[in-house]
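Note sheet for the following structure.
The values are calculated or read from the model by the stated rules, or taken from the named source; none is laboratory data. All values reported here derive from a predicted model rather than from experimental measurement. Because the Cβ atoms are built from the backbone with ideal geometry, glycine has one as well, and the counts that use them run over all protein chains shown. SASA here: full protein model, heavy atoms, side chains in, ligands and nucleic acids out. Shrake-Rupley method; radii C 1.70, N 1.55, O 1.52, S 1.80 Å.
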Amino acid sequence: MTDVVGFIHSKGGVGKSTLTVFVALALRNSGVIVRVLDADPQASTHRWAETAAKDGDRLPVDVIPTPSPQAVRDAVSAARADEIEIVLIDTPPGTPAVLDEVVKLVNLALIPTAASPMDIDRVWPTLDLLADVPTAVVLNALDARETAASIAKNTLEDVGVSVADTTVPMRASVRRAFGTNPPVPAVYRELASEIKEAVS
Ligand SMILES: Nc1ncnc2c1ncn2[C@@H]1O[C@H](COP(=O)(O)OP(=O)(O)OP(=O)(O)O)[C@@H](O)[C@H]1O
Ligand SMILES: [Mg+2]
């Protein structure tokens, strides 16, 4: 059984690619057979893996570029055939055709967002896009002094939107991690556990 989890937000720069890589590494470290699909034509996640490999610091997870709807469909079929346990899909911002395909394939969608009221207000169009897909918001890149997180959680949960218990802090080491095989902070292990539980 292959579970398919997408990191999705129509807004750019919310942390989709970074979360995809760190959650993939955390899942891998906990023994899950995981594969990443990079459905973003910008290919940040694929470039991350390629850069790490070129520098002799290969990620222990395969990252497959899948920039078209057909490529995503084929790669998910291949992952099922290869008995991959969890496929993580990094997606582009906006609402391109590839995203419609990802929405059809995922059994869990994670929406990363900062926690300010304006950021939370920008989550609604993505929730509309996800319609009936099981979804959780992940509060990401939070300032250490952030007080908005609990307000954001209440605002979302009051209208029936799930929010991951794990909130991800802003960290300089995470910002610098592109192109490396980084150590995985505990918070991503916690998020990976929540994801495993949500899809089981
Ligand atoms: N927890 C974090 N702490 C610090 N910086 C972070 C964190 N998460 C993400 N970032 C940084 O935020 C920026 C945007 O992250 P990322 O590229 O992952 O977002 P994205 O949603 O994939 O963007 P796009 O929509 O353009 O693909 C990057 O510079 C990344 O290093
Ligand atoms: Mg990205």
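Condition test on E146, is it among the acidic types (D, E) and either open to solvent by less than 10 Å² (accessible area, probe 1.4 Å) or modelled with pLDDT of 95 or more (or both)? I'd like the intermediate steps shown before the answer.
Numbers: among the acidic types (D, E): yes; either open to solvent by less than 10 Å² (accessible area, probe 1.4 Å) or modelled with pLDDT of 95 or more (or both): no.
It is false that E146 is among the acidic types (D, E) and either open to solvent by less than 10 Å² (accessible area, probe 1.4 Å) or modelled with pLDDT of 95 or more (or both).
Out of all the residues in region 164-194, which are in a helix (DSSP H, G or I) and either near ligand 1 (Cβ under 8 Å from one of its atoms) or more than 15 Å from K16 (Cα to Cα) (or both)? Break it down into steps so the answer makes sense when it comes.
Kept after step one, since they are in a helix (DSSP H, G or I), are these residues of region 164-194: 172-175, 186-194.
Within region 164-194, A172, S173, V174, R175, A186, V187, R189, E190, S193, E194 meet the criteria.
Mind telling me which of the residues L105, L139 ends up being open to solvent by less than 60 Å² (accessible area, probe 1.4 Å), without any contact (Cβ under 8 Å) to a residue 40 or more places away in the chain and within 24 Å of L25 (Cβ to Cβ)?
Details: L105 fails: without any contact (Cβ under 8 Å) to a residue 40 or more places away in the chain.
Of the residues listed, the single one that is open to solvent by less than 60 Å² (accessible area, probe 1.4 Å), without any contact (Cβ under 8 Å) to a residue 40 or more places away in the chain and within 24 Å of L25 (Cβ to Cβ) is L139.
Taking the criterion of being within 14 Å of ligand 1 (Cβ to nearest atom), open to solvent by 40 Å² or more (accessible area, probe 1.4 Å) and over 9 Å from the mean Cα position of the chain (by Cα), the only residue of region 13-37 that qualifies is G13. Consider A78 carefully, then state whether it is assigned to a helix (DSSP H, G or I), surrounded by 17 or more Cβ atoms within 10 Å (Cβ to Cβ) and not charged (D, E, K, R). Spelling it out, it is not the case that A78 is assigned to a helix (DSSP H, G or I), surrounded by 17 or more Cβ atoms within 10 Å (Cβ to Cβ) and not charged (D, E, K, R). Looking at V161 and the list (1) away from ligand 1 (no atom under 12 Å from the Cβ); (2) modelled with pLDDT under 95, which single condition is not satisfied? Tallying (1) away from ligand 1 (no atom under 12 Å from the Cβ); (2) modelled with pLDDT under 95, V161 fails exactly one: (2).
Screening T126, T66, T113 for residues that are open to solvent by less than 10 Å² (accessible area, probe 1.4 Å), touching a helix residue (DSSP H, G or I) at 6+ places or on another chain (Cβ under 6 Å) and within 21 Å of S162 (Cα to Cα) leaves exactly one candidate, T113.
Can you find a residue that is touching a strand residue (DSSP E or B) at 6+ places or on another chain (Cβ under 9 Å), buried (at least 18 other Cβ atoms within 10 Å of the Cβ) and among the aliphatic types (A, V, I, L, M) anywhere in region 168-181? For region 168-181, residues touching a strand residue (DSSP E or B) at 6+ places or on another chain (Cβ under 9 Å), buried (at least 18 other Cβ atoms within 10 Å of the Cβ) and among the aliphatic types (A, V, I, L, M): present.
Pairs meeting the criteria (first residue in region 80-99 and small (G, A, S), second residue not in a strand (DSSP E or B), beta carbons under 7 Å, at least 6 apart or on different chains) are G94/S10; A97/P69. For region 81-115, the set of residues classified as under 16 Å from R35 (Cα atoms), within 15 Å of ligand 2 (Cβ to nearest atom) and part of a loop (DSSP other than H, G, I, E, B) consists of T91 only.
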